[in-house]
Each structure stands twice: as C-alpha cells, then as structure tokens.
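Colleague: Okay, here's the structure, questions in a sec.
Values quoted throughout were computed directly from the atomic coordinates according to the rules given, and no laboratory measurement underlies them. Nothing here was measured: the structure is a model prediction, and the numbers come from that model. Here Cβ is always computed from backbone atoms with ideal geometry, including for glycine, and neighbour counts include all displayed protein chains.
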Amino acid sequence: MRRTGRFRTTLSSKVAVALSGLGLAGFVVFHMLGNLQVFEGPGAYNKYAAFLREMPMVLWTVRLGLLTVAVVHIVRAIQLALRNRRARPVAYTVRAYRVASLASRTMALTGSLLLLFIVFHLLHLSADLVDSSFHDHVDERGHADVFSKVIHAFHNPLYVLLYCAGQLVLGMHLSHAISGSLQTLGFEHAVRNRVFKAVGPSVALFVMLGNLVIILAVFFGLVRT
Ligand code: HEM
C-alpha cells in the first residue's frame, strides 16, 4: 500500500476507535448513574430495569447498537495495534516511558482485561448463567428483582474482588482513552489542552468511584434487601 493510502487507513481506524470508544464511555457513565439508584431501594432500581424490559424493541435496538459499536472498537483497535507493530519491527532500545503514562502504555492489556470483565459481567448479572438464584425472582410489584440479584452478588467477597478489580482496569482504560480520543478527533487546543488532558482521568475517576461505592456499600451492609 502506498504511504498516503496507509496513512489514510490508519487515520480512519484511529477515528473509528475514538468515536466508538467515546460512545462506549457514554454508556458506562449512563450505566453507573442508573446503578446508583440502588441507593433508592428496590422500588426505583427494579422500576428502571422494568421500564427497559417493557420496550423490547428499544431495548434490543440499544443492545444491538452497543454490540456493533463494541465490535467496531475492538476490531479497529487490534488493526491499529498490529499496523503500529509492523511499522516498527525493531523495538526501541530506550523507551520514552517518562513521556507516555502507565495508562497509555497498557491500553491493549487493560482493553483485553476489560473485555473479559464485561463478558463475565453479562453472564453473571444479565444472563444469570453464573448464578441463577434470582433468575425468575419478582418483587412485590411483579417487576424482575434485579435489586436482590445485585445485593446477593456483592455479599460474596469473591464477586466483590472481581468487580473491584474490573473497576480499576476500567478506570485505567478510560483515563487514557477519553483524552486520547478527544485528541484524535482534533478537539485539542493549545490553550485548552490542559483541560482536555484532565477530562479523561476525571471521567474515569467519576465512573470508577461511582461503581466502587455501589459494590462496597452493598458489601458493608449499607444497602440491604
Ligand atoms: C457496580 C458496578 C455494576 C453494577 C452493579 C452493574 C449492574 C448490572 C445489572 C444488574 C445488569 C443487568 C440489567 C438487567 O438485567 O436489567 C447489567 C447489565 C450490563 N452491564 Fe453492568 N453493572 C456494573 C458495571 C458495569 C460496567 C463497568 C460495565 C461496562 C464496562 C457494564 C456493562 C453492562 C452491560 C453492557 C450490560 C447489558 C445491558 C443490557 O442488558 O442491555 N456494567 N449491569
């Protein structure tokens, strides 16, 4: 492939990874805010889940959209990583570690671990295949009892450990991903640069702390059935 062609393909992959990544980050923020309703008790939490289930067309459109975006993100990110490796067959002897943050150097690793976490999470809390104790459970209003499922899950120290580890990996991945995506999409500006660089770590910390608060509040009995 000619140099300009290769440049264009790399650029289109970078834009695809950035746009799909920002879309997924949006879902993660939205999901965390939705899950915070666990502090309002079973009524509010189960009503939110029921609201989505009552509109199967909307639910499945969102699910398929999310899956498509996730596939685009993963495939294009792998393509980019392979292309970068091919373009630099001999590893640098002196790596510029001082310039690149730990989060940016470990994107492939945190991305892969995050994928494993998400697959586990879906099998666990969405498909009920890891623990089916609350599969057909309904609350007093007849809504699926997602609240009790979450409370039951985070009483188990093993799941608490797995979910806390998942949040650390998510935080690291998001921290570099959001700033990097904004940079790729050309949002960086000489004066506002510091603000854009701070957006990624701030959103990552917000999501990570929000999720950790839910997990630990349930584990320590602050939220109970
Ligand atoms: C404390 C942390 C979290 C809790 C308590 C939680 C809880 C849940 C629950 C209860 C469901 C099933 C909803 C239902 O059956 O109606 C679910 C689904 C899901 N979660 Fe989470 N989640 C957490 C973190 C995450 C994270 C960090 C991600 C992604 C990185 C994620 C991605 C998803 C996805 C993709 C679904 C499927 C949505 C669907 O059914 O369409 N979750 N989560």
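Colleague: Among 153-160, 59-66, what's the highest-first ranking by average C-beta atoms within 10 angstrom per residue?
Modeller: On the way: 153-160: 15.4, 59-66: 11.9.
In decreasing order of mean packing, 153-160, 59-66 become 153-160, 59-66.
Colleague: Provide Ile74, Ile214 in ascending order of the number of other Cβ atoms located within 10 Å of each residue's Cβ, fewest first. Before the final figure, lay out the partial values.
Modeller: Working: Ile74 15, Ile214 21.
With the sparsest Cβ surroundings first, the list reads Ile74, Ile214.
Colleague: With each pseudo-label sitting 7 Å past Cα toward Cβ, what's the Leu59-Val195 distance in nm, one decimal?
Modeller: Each label point lies 7 Å from its Cα, and together they span 4.0 nm.
Colleague: Amide H to amide H, which residues 5 or more places from Val138 or on other chains are under 5 Å from it, using H placed in the peptide plane?
Modeller: Amide H to amide H, under 5 Å and 5 or more residues apart or across chains, Val138 pairs with Asp145.
Colleague: May I pose another question? At what distance in angstrom do the alpha carbon centres of the range 120-175 and the range 188-207 lie from each other?
Modeller: 30 Å
Colleague: Can you show me the helix-derived [θ] at 222 nm for the chain, built from DSSP H runs with n ≥ 4 at -39,500 (n - 2.57) apiece and divided by the number of residues, rounded to the nearest 500.
Modeller: Details: 8 runs with 159 residues, N = 225.
One gets -24500 deg cm²/dmol as the mean residue ellipticity at 222 nm.
Colleague: Same structure, new question: Using modelled amide H (1.01 Å from N, peptide plane; none on Pro or chain starts), what sits under 5 Å from the amide H of Gly41, excluding residues fewer than 5 places away?
Modeller: none
Colleague: Related question: How about Lys149: which lysines have a C-alpha closer than 18 Å to its C-alpha, ignoring those fewer than 8 places off in the same chain?
Modeller: Filter leaves Lys47.
Colleague: If you don't mind, there's one more thing I want to ask. Select from the chain the helices, each a whole stretch of DSSP H, whose alpha-carbon atoms run 18 Å or more along the helix axis and whose Kyte-Doolittle mean is at least 1.6; answer none if there are none.
Modeller: Numbers: long enough: 3-35 (47 Å, 0.63); 56-87 (46 Å, 0.91); 107-121 (20 Å, 2.13); 157-184 (40 Å, 0.91); 193-219 (40 Å, 1.72).
Span-like helices here: 107-121, 193-219.
Colleague: For Lys14, which lysines qualify as cross-link partners when the Cα separation must be under 28 Å and same-chain residues fewer than eight apart are set aside?
Modeller: Once the sequence-local lysines are set aside, what remains near Lys14 is Lys197.
Colleague: With a sphere of radius 12 Å drawn around the Cβ of Gly21, what net charge do the other residues whose Cβ falls strictly inside it have (Lys, Arg +1; Asp, Glu -1)? If you can, show how the numbers build up before the last one.
Modeller: Working: positive: Lys14, Arg76; negative: none.
So the environment of Gly21 carries a net charge of +2.
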